[in-house]
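These notes are about the structure you will find just below.
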Amino acid sequence: MNDSPRLPSSVSRLKALYLFVAFIMIVFAVRLFYLQVIRHGYYDAQAKASQLKQYELPADRGELYAYDGGEIVPLVLNESRYRIVADPELVTDPEKAALELSEVLKIPAGELEELLTREGTRYVPLAQKQTKETREAVAALGLPGIFTNEKQPQRVYIQGSIAGQLLGFVNDAGEGQYGIEENLNDRLNGEPGLLRALTDQNNVPLLATGDNVQQDPVDGETVVLTIDVSMQRQIEAILEKGLKDAQSESGSLIVLDANSGAVRAMANYPSYDPAAFTKVEDAALFQNAAVSSPLEPGSIMKTLTVAAALDSGSVTPDQSYFDPGFFTVDGATVRNVVESSGSGTRTLADILRLSLNTGATWLLRQMGGGELNQQGRETWHRYMTEHYQLGKRTGIEQGPPNEELGTEAQGIIPDPTDGYGLNIRFANTSFGQGMTATPLQMAAAVTAAVNGGTYYRPTLVAGTIDADGNFSEKQPDIVKNDVVSDDVSAELRRLMENVVANNNRTVLREGFQIGGKTGTAEIANPAGGYYEDRYNGTYVGFVGGDTPEYVVIVRANEPKAPGYAGSIAGRPIFTATANALLDNFNVSRKSN
Amino acid sequence: MGYSSTYSQRSISSLRARSRINRRQPGESDAVMRKHRPDYSLLVVAGALLAIGAVVVFAIGPSLTNGTDLGENYFSTKQLTAIGMGIIGFLIAAQISLHKWMKWTPMILIAAVFFAIAVRFIGEEINGAHRWIQVGGFSFQAAELVKLALVLWLAQVLTKRRQDGHMSSHSTLQLLGAAVFGVIVIVAGMQSDLGSAAVMMALIGGMAFIAGLPLKNIMIVGGVVLIAGLIAITSSQYRRERVQTFLNPAADCQAEGYQACQALITVGSGGVIGKGLGRSVQAYGYLPEPANDSIFAITAEKFGFVGSTIVVGLFFVLFRKIFLIAQSAPTEYMRLIATGVLLWLSVQMIINIAAMLGLLPLKGITLPFVSYGGTSIIFVMIAIGIVFNISRYTDLSVKSGVPQSPRAQASTARLPTFNRSGIEARRA
């Protein structure tokens, strides 16, 4: 080794090393310039894409209240529920997580494991609308990739499962469906707020920077409904029992406030529990038949015909006429029901008491100056559409607010000038056939006819409660205040009281004014004409002291029990309803 | 012939004793080991880097403790403690004479190998790697001790070999080969710490290169390292993925390439002047290891191009200072130690930052002085302390290198005359 070659200088190699390091430092500086100056926009956009998140701050959905007597009580409230969600990419041990979650959520572990291992998504809902307790139990498991913070509003029905169709429900997306919930959806939902913020990787907003935007949500309105929960509960029971007694499978029952148009109770049978809307198999059950399903109302229409004839001055209250027992019109025959057939001199009271189709036809002739003609048809048509508001939607707060999509039916009133067989067609309308109306339309029209002539727009909304708890009452909406004159209205009440006094003595109560009228409506066969053996039973009536306070309408679809449908189904249900109203809901007594 | 500095550990102390009385005479050699003021700029630059690291760790404290029950300042407090211990380590190391280091080197090496092996069995497993030993409340990273031990041992061995004229012999190659093998087995294999192994390989190869190992032999060592590296990479699925990720990071930004992609986004989103100290978003869960391996990217996000080039510039100033000290070191041993420290710090810094800039695959290695982590800070401060001590003996007038100067050669030739121990150098 003694003559090993001269070794390279360590200092020159040291310099080479130093120059190499210096070169790398320059490379770094150039690279930093490239990344941070030239490509800054690109990387900043990439950073923002993952850091900047936009959230909707959900507004609380407005709650629904209603009356119980004079008191405002909760009907539909909110409760916070939680959606349990997984990010499969962050779940470390799907098998174990599935087992643990399975115990808490009561979902089969296999099902959960499939969800937890799902690919191509970072958001998999595992369970909906879990209670606070379940949510806390899931959070306590401390599983990575499982999130429990997502709130879901849940409607709770404080008064139990009443008024299902009237209320509607709120679906998982937070949108109201059917009934009030859908009609007032925008008002109930309020305006969601907006939060745009830089967040950490778990989407928790970081400190405020220029990019953060916060806009507070506007909570939905708290709405007070016009219905009385006790009355609603009672008439639902009355309707169900009455329909069963008459062997009818379905029907509706409405109680209107005679002096404001407020719907105090509105029931359909069958109904459903809005808290369990997912269990309903037939979507038709969601419809509020009282406003969505028109029918030919039958003889209850005669109350409106009498009032129109009186108000138009075509007849006088004490006028009588000779009834031949039938009329032949346009080659068709107008007949009466068996018991009241036969000819004789009849009064206005007889027309309603005996429910004379010929009498109603006579009233229509009087409106035409003594014969069935265009003048009479036009007068009666004007009363039906412009005075009684038939053939157009009432605007009741049910279903989609958009009129085109609305669930409320408008009914059909035939045109008085256009078409063939107009006289027989209009003769039919005078006793409630050949035209259609919903139970609510009929109730509102009769209300106007008996309350002194004021047509109030029927409503389910009594007012709103603001954030401070102040109730602001909605004023009744008067559509027309001269539907009929005061005198005519009083005369109609007297005539309807007379019907009750003669035909329905069970409901007579000392000190109260009770009037009514049955209807046994033929059912149109889509193939033409009417069914021979199928009828709907209807009834319209009122109770009150000196003036009517409640107007009641009953509809029973095709009762099978023997007898006239209006008498065997409509009348008993009205009787039970009237008694319930008089017993429990503070109806004023007559003053004398 | 050839290079002829001939002192051993004992000769250094005698030289130093001599230097105190040996005032420079006109015309006398500049290469005499005369003690003078040390290079305080080392301390200033290292201190600046430590301060930047501490500030960044403090600023992202809330993101580090988010979701734990630790206080927001938990990590910055620990970091300040580590810096305090590092300064103590620096002060002690700066006072320990080089002959003591020489004397302790075998012990330090044995301890380092012991801990490096022991960590495999008693160490804490983090992400499949065994790198830390828990001692009391502290976790100790054995690899840092190994780096220090390697610098000291290589400096000693290579000085001796050089003096003995054995640099080109097969035995030197075998010795270096054994060191490489040991690093591969213990650090890369048993600890799965490829980043530290790479730094150590660079120490072995780099110091041998500086010590004058013939280029042919360096290529042999390099070839062995390269083959070992390829085996290491291909033997592990994890490393294969890392390399694939590096070659095409954008292909898989959501999974394996996630950290690499996020590092680039973090650096790039900083822009020219950065988002500001408290405005880092990427530290909040987007970029893994924001206080450790990825702290440079977070710094670049906070302080932008201006800040990140200042950090790179500070490192460069530090490297340049160490280089100048090594260049004007009076003895081969001191030069090799300073060179080793230069290699250690620069290679580690380059591997770390290059990964953050998408120039190298991720290794899992700290940025010296800046990254959170007590062991790293304490050991690099000890290393800087040793270099600081060496800076007391540099020949202030020599710029071009001792051995090339005829005067320097003349003076070094005279060195043995100061050697009172009687140890004679073998001469060519």
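Only a single criterion out of (1) closer than 28 Å to A:S10 by Cβ; (2) at pLDDT 85 or above; (3) surrounded by 20 or more Cβ atoms within 10 Å (Cβ to Cβ) is not satisfied by B:A116, namely (1). The single condition from (1) part of a helix (DSSP H, G or I); (2) at pLDDT below 80 that B:A54 fails is (2).
Of the residues screened, A:A109 is one that is surrounded by fewer than 22 Cβ atoms within 10 Å (Cβ to Cβ), in contact with a helix residue (DSSP H, G or I) (Cβ under 7 Å, 6 or more places away or on another chain) and at pLDDT below 90. Selection of the range B:225-235 for residues being within 22 Å of the chain's Cα centre (by Cα) and of a type outside the set (G, A, S) yields B:V225, B:L226.
Residues in the range A:519-547 that are of a type in the set (A, V, I, L, M) and loosely packed, with under 15 Cβ neighbours inside 10 Å: A:A527 only. The single condition from (1) surrounded by fewer than 24 Cβ atoms within 10 Å (Cβ to Cβ); (2) in a loop (DSSP other than H, G, I, E, B) that A:G463 fails is (2).
Taken as a whole, the range B:259-276 holds no residue that is under 23 Å from B:K78 (Cα atoms) and either facing chain A (nearest Cβ under 8 Å) or at pLDDT 95 or above (or both). Annotation note: of A:G41, A:G62, A:G110, the sole residue that is within 47 Å of the chain's Cα centre (by Cα) and either within 7 Å of another protein chain (Cβ to nearest Cβ) or not in a loop (DSSP other than H, G, I, E, B) (or both) is A:G110.
Being at pLDDT below 80, within 14 Å of another protein chain (Cβ to nearest Cβ) and part of a loop (DSSP other than H, G, I, E, B) is a property that does not hold for B:R420. Of all the listed residues (A:G391, A:G376, A:G359), the sole one being small (G, A, S), assigned by TED's automatic domain parsing to the domain that holds A:V484 and not in a helix (DSSP H, G or I) is A:G391. Where strands (runs of 3 or more DSSP E) fall entirely within the range A:245-324, those with at least 3 residues that are within 24 Å of A:G391 (Cα to Cα) are at A:250-257, A:263-269. Taking the range B:207-234 as the search range and keeping residues that are free of Cβ contacts under 8 Å to residues at least 12 places away in the same chain and within 10 Å of chain A (Cβ to nearest Cβ), which one is surrounded by the most Cβ atoms within 10 Å (Cβ to Cβ)? If we take residues in the range B:207-234 being free of Cβ contacts under 8 Å to residues at least 12 places away in the same chain and within 10 Å of chain A (Cβ to nearest Cβ), then B:F209 is surrounded by the most Cβ atoms within 10 Å (Cβ to Cβ). Taking the criterion of being among the acidic types (D, E) and either surrounded by fewer than 19 Cβ atoms within 10 Å (Cβ to Cβ) or at pLDDT 90 or above (or both), the residues of the range A:283-326 that qualify are A:E296, A:D311, A:D318. The single condition from (1) over 24 Å from A:P439 (Cα atoms); (2) among the polar types (S, T, N, Q); (3) touching a residue at least 24 places away in the same chain (Cβ under 8 Å); (4) touching a strand residue (DSSP E or B) at 6+ places or on another chain (Cβ under 6 Å) that A:S314 fails is (4).
When the strands (runs of 3 or more DSSP E) confined to the range A:116-225 are screened for residues that are over 25 Å from A:A86 (Cβ atoms) and within 18 Å of the chain's Cα centre (by Cα), those reaching at least 3 such residues are found at A:146-157.
When the range B:322-372 is limited to residues that are part of a loop (DSSP other than H, G, I, E, B) and aliphatic (A, V, I, L, M), the one that is modelled with the lowest pLDDT turns out to be B:L362.
Could you go through the range A:49-56 and let me know if any residue there is exposed (fewer than 15 other Cβ atoms within 10 Å of the Cβ), assigned to a helix (DSSP H, G or I) and more than 7 Å from every other protein chain (Cβ to nearest Cβ). Looking for residues that are exposed (fewer than 15 other Cβ atoms within 10 Å of the Cβ), assigned to a helix (DSSP H, G or I) and more than 7 Å from every other protein chain (Cβ to nearest Cβ), one finds at least one in the range A:49-56, hence yes. Between A:V91, A:V104, which is over 38 Å from the mean Cα position of the chain (by Cα), of a type in the set (V, I, T) and away from every other protein chain (no Cβ under 14 Å)? That would be A:V91, the only listed residue that is over 38 Å from the mean Cα position of the chain (by Cα), of a type in the set (V, I, T) and away from every other protein chain (no Cβ under 14 Å).
Considering (1) small (G, A, S); (2) closer than 23 Å to B:F114 by Cα; (3) at pLDDT 85 or above, the lone condition that B:A232 does not fulfil carries the number (3). Against the condition in a loop (DSSP other than H, G, I, E, B) and free of Cβ contacts under 8 Å to residues at least 24 places away in the same chain, how does B:T68 come out, does it pass? Yes: the conditions hold for B:T68. The number of residues in the range A:331-353 that are loosely packed, with under 14 Cβ neighbours inside 10 Å and either small (G, A, S) or touching a helix residue (DSSP H, G or I) at 6+ places or on another chain (Cβ under 6 Å) (or both) comes to 4. If you go through the range A:321-380 and keep only what is within 20 Å of A:M496 (Cβ to Cβ) and basic (K, R), you end up with A:R346, A:R353. Can you name the residue in the range B:278-314 that is facing chain A (nearest Cβ under 7 Å) and part of a helix (DSSP H, G or I) and, of all such residues, is farthest from A:A45 (Cα to Cα)? So, considering only residues that are facing chain A (nearest Cβ under 7 Å) and part of a helix (DSSP H, G or I), the one farthest from A:A45 (Cα to Cα) is B:V312. Scanning the range A:148-161 turns up no residue that is of a type in the set (D, E, K, R) and within 14 Å of another protein chain (Cβ to nearest Cβ). The one condition from (1) of a type outside the set (D, E); (2) without any contact (Cβ under 8 Å) to a residue 60 or more places away in the chain; (3) under 25 Å from B:F303 (Cβ atoms) that A:S12 does not meet is (3). Please verify whether the range A:217-225 includes one or more residues that are within 20 Å of A:F585 (Cα to Cα) and not basic (K, R). There is at least one residue in the range A:217-225 that is within 20 Å of A:F585 (Cα to Cα) and not basic (K, R).
The values are calculated or read from the model by the stated rules, or taken from the named source; none is laboratory data. Here the structure is a predicted model, which is why all the values come from computation and not from measurement. Glycine also receives a Cβ, built like all others from the backbone with ideal geometry; neighbour counts cover every protein chain displayed.
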